[in-house]
2 protein chains.
Amino acid sequence: MTKSNDTPEKPLILVSNDDGITAPGIGFLVEVMKEIGRVIVVAPNSPQSGMGHAITVGNSLRLDKVDMFDGVEAYECSGTPADCIKLAKHYVLKDEKPDLVVSGINHGANTSVSVLYSGTMSAAIEAAIEGLPAIGFSLCDFKHDADFSHIIPLVKKIASEALTSGIPQGVALNVNFPAISEQPIKGIRVCRQANAHWQENFDQREDPYGRKYFWLVGDFVNEDKGEDTDEWALSQNYASIVPCQFDLTAHHALSKLNEWNLN
Amino acid sequence: MTKSNDTPEKPLILVSNDDGITAPGIGFLVEVMKEIGRVIVVAPNSPQSGMGHAITVGNSLRLDKVDMFDGVEAYECSGTPADCIKLAKHYVLKDEKPDLVVSGINHGANTSVSVLYSGTMSAAIEAAIEGLPAIGFSLCDFKHDADFSHIIPLVKKIASEALTSGIPQGVALNVNFPAISEQPIKGIRVCRQANAHWQENFDQREDPYGRKYFWLVGDFVNEDKGEDTDEWALSQNYASIVPCQFDLTAHHALSKLNEWNLN
């Protein structure tokens, strides 16, 4: 990358998202990160919500330099959020390692089990897999014109603290903020992922040619009453931080499976 | 669903995959499952490799009944593996709960961190989120005409044991088998996910119109020397079973983050 937009002493911050490079949320994130570091953007050229940890293996990828953010080197990519991080690290940045990777700010919550479906968090988790400190930011308001103003100081505080204190290796932070309301956000809570799920439903419709099609719709159901969860924190008007790992091993289940009659 | 293909006393087994409903691997899986249960198939109508835990939120879905497997009710879906499981549970099966969900047999390994990118495992993990016992099966041979014959008895044994002993709630099994060789598979090992990663690279090319494009390529790098990992088991010609969970909380990192200066 060229080092045009700031002095090289500032930390290098890579920005991505899943709503696409034109979404307002990434614009807010870039503006905040410019205050604390040199910024480079590699983000999808189209919305990638719900893409989970998808990568592009059966198709080729495009990467185009764009002039979207004042004074910031930026690229749009035809792939997924995880593709963006891979391309940023191995092609755009090459030998220069970002001091922090941030993804978002997502228009909509990525709490509880939604972390698995989240493109925002897949960018952050991909960065963690690549050995980079990473944070995904989401606002619990999915509107395109959502108000991000109340969370700007908190985003800056969390990113600055990550740069100062460091994020544990192999961990990406999943940060969610309450939507704006008359009450200011009470503070920031470190949480575990709530054990909640989506109660799915399918809205059946008929196309103009008489063929059936479906829309996925669902209600979020939280039966986890713990007061140490992201859902609880947000319900109480706190921002939540969940440290996420990419080792999915259910260590507690190993002994049970070792009792199976397999050999 | 109609109960045409077998007696209702047999366990109900839902089959999906990520290579698409026409891939040979799912055909093998259906044949094995028919020996131990009533089978219903809901699988993608096109290859979905690398889709991770993607779901379809910005588009509608199609679901069409197909006659692909002898005596088996089967549907092809335009969505991702996770979509298939949601549609199967909430639309196709409705009030009937599968006794087991199996996904695969994938053409290619889904070991270590690849579990995050794997469509095969996303179907299994989605089932676990929905409270269903689930297994993803993968063969470490990505060829379309891969030889599955040597693993048929092992697939049957693992699925039967899952039906008999039960899979712990909230856990999906990630099963990988060595490719066929002159040596028979030594046995089955319960493992943890190896702490390995892909060392990515991008193959840059130019299209006929002079524009650059990229192919994601990479080498799998395993620096985890533990003999309790899936990678170790497969290297020793064992099949591997890793129990996977969908709670990504890095519990070990909570105390460190609570030391941050956030409030």
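For this structure, a couple of remarks:
- 1 or more residues surrounded by 15 or more Cβ atoms within 10 Å (Cβ to Cβ) and free of Cβ contacts under 8 Å to residues at least 40 places away in the same chain: qualifying strands (runs of 3 or more DSSP E) within segment B:185-252: B:196-206, B:212-222
- Test: residue in segment B:170-178 that is more than 11 Å from chain A (Cβ to nearest Cβ), at pLDDT below 95 and either on the phi > 0 side of the Ramachandran plot or part of a loop (DSSP other than H, G, I, E, B) (or both): no
- In segment B:100-147, residue nearest to the other protein chains (Cβ to nearest Cβ) [restricted to those that are on the phi > 0 side of the Ramachandran plot and outside any helix (DSSP H, G or I)]: B:Gly131
- Residues of segment A:74-99 classified as part of a strand (DSSP E or B) and buried (at least 24 other Cβ atoms within 10 Å of the Cβ), total: 1
- Members of segment A:253-263 that are exposed (fewer than 15 other Cβ atoms within 10 Å of the Cβ) and either of a type in the set (A, V, I, L, M, F, W, C) or at the interface with chain B (Cβ under 7 Å from one of its Cβ atoms) (or both): A:Asn258, A:Asn261, A:Asn263
- Filter result for B:Ser160 (in a strand (DSSP E or B) and either more than 12 Å from chain A (Cβ to nearest Cβ) or at pLDDT 95 or above (or both)): no
- Subset of segment B:207-252 (residues that are within 11 Å of another protein chain (Cβ to nearest Cβ) and acidic (Asp, Glu)): B:Asp207, B:Asp224, B:Asp228, B:Asp230, B:Asp247
- Restricting segment B:160-180 to residues that are over 12 Å from the mean Cα position of the chain (by Cα) and of a type in the set (Gly, Ala, Ser) leaves a set whose member that is nearest to B:Leu29 (Cα to Cα) is B:Ser160.
- Residue within segment A:62-72 that is under 23 Å from B:Asp207 (Cβ atoms), touching an Asp or Glu at 6+ places or on another chain (Cβ under 6 Å) and either part of a loop (DSSP other than H, G, I, E, B) or at the interface with chain B (Cβ under 10 Å from one of its Cβ atoms) (or both) present: yes
- Selection status of B:Ser60, in contact with a strand residue (DSSP E or B) (Cβ under 6 Å, 6 or more places away or on another chain) and without any contact (Cβ under 8 Å) to a residue 12 or more places away in the chain: yes
- Residues in segment B:116-135 that are within 21 Å of A:Gly58 (Cα to Cα) and not hydrophobic (A, V, I, L, M, F, W, C): B:Tyr117, B:Ser118, B:Gly119, B:Thr120, B:Ser122.
The values are calculated or read from the model by the stated rules, or taken from the named source; none is laboratory data. Everything numeric in this text was worked out from a predicted model, so none of it was measured. No Cβ is skipped: glycine too gets one built from the backbone with ideal geometry, and neighbour counts run over all protein chains shown.
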